[in-house]
Amino acid sequence: MPVLHRPHASSPPASARQRLWQELDLLCRLGLGLAPIAPDVCAVLRALVGAEAAALFWLDEHGLPEGFFHEDSPAPAQDLFLNEFERLFVGEGETNVVALARADGPAVGRLLAPDARYFRSNTYNLLIRAGGHHHTLDLRVEAQGRTRAVLLLFRAQGRAFGAADAALLERASASLQRA
């Protein structure tokens with residue numbers, strides 16, 4: 001089944017952006033946790049930043065993925081992530097959700113300019129590229145003294161994220177901390 005990409009929209013007008021920020025804040029104040037609101041959160045942040053797809057991972061008490069929502073990853077890629085995480089996506093050279101959840105380094109944009117090793121990793125080749133993506137913008141969400149979630153936005157090759165995109169995504173952190 002082909003992956004359907006959402007067309008890239010230019011930055012929404014100021015009034016639409018303001019409504020999207022309000023929607024994100026309201027979603028995150030519902031008190032439901034991330035799982036039930038993940039599809040809506042991803043859609044709002046994708047629209048705000050102008051990404052083609054988004055994924056949200058929430059973590060357990062030990063910083064390991066407890067659940068996730070990915071807007072358009074193919075079913076085989078989701079199955080690989082769920083069933084073969086330890087075997088395929090952990091180890092030297094794998095920049096995965098667990099690595100992005102570590103509190104060292106910036107909270108946003110660690111994958112803006114990944115090294116060549118990243119593009120040879122299983123994470124990139126079996127998950128990111130399998131979804132038709134090339135560029136990734138990441139956000140680590142911390143609350144109550146530990147990382148609680150990692151959000152990823154994706155774009156196709158030739159449409160890299162930049163510092164302005166990272167600043168927009170970082171602004172979402174305050175709302176996501178409440179969720």
Unique match (being modelled with pLDDT of 85 or more and within 18 Å of residue 97 (Cβ to Cβ)) among 49, 41:
41
Any idea which of 30, 20 is touching a helix residue (DSSP H, G or I) at 6+ places or on another chain (Cβ under 7 Å), over 30 Å from residue 89 (Cβ atoms), part of a loop (DSSP other than H, G, I, E, B) and at pLDDT 90 or above?
30
Residue count for segment 47-67, restricted to those that are open to solvent by 20 Å² or more (accessible area, probe 1.4 Å) and closer than 21 Å to residue 133 by Cβ:
3
Inspect segment 76-98 for any residue being touching a residue at least 60 places away in the same chain (Cβ under 8 Å), farther than 24 Å from residue 158 by Cα and of a type in the set (A, V, I, L, M) and give the result as yes or no.
no
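Would you pick out the residues in segment 129-138 that are in a strand (DSSP E or B) and aliphatic (A, V, I, L, M)?
The first filter runs over segment 129-138 and keeps only residues in a strand (DSSP E or B), leaving 135-138.
Result: 137, single match.
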Report yes if residue 126 is assigned to a helix (DSSP H, G or I) and in contact with a helix residue (DSSP H, G or I) (Cβ under 7 Å, 6 or more places away or on another chain), otherwise no.
yes
Restricting to segment 18-59, name every residue that is among the basic types (Lys, Arg) and within 11 Å of the chain's Cα centre (by Cα).
46
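The values are calculated or read from the model by the stated rules, or taken from the named source; none is laboratory data. The model shown is predicted, which means the values in this text are computed figures rather than measured ones. Reconstructed Cβ throughout: ideal geometry from the backbone, glycine too, with neighbour counts over all protein chains shown. To get the accessible areas, we keep the full protein, side chains included, count just its heavy atoms, and leave off ligands, DNA and RNA. Shrake-Rupley method; radii C 1.70, N 1.55, O 1.52, S 1.80 Å.
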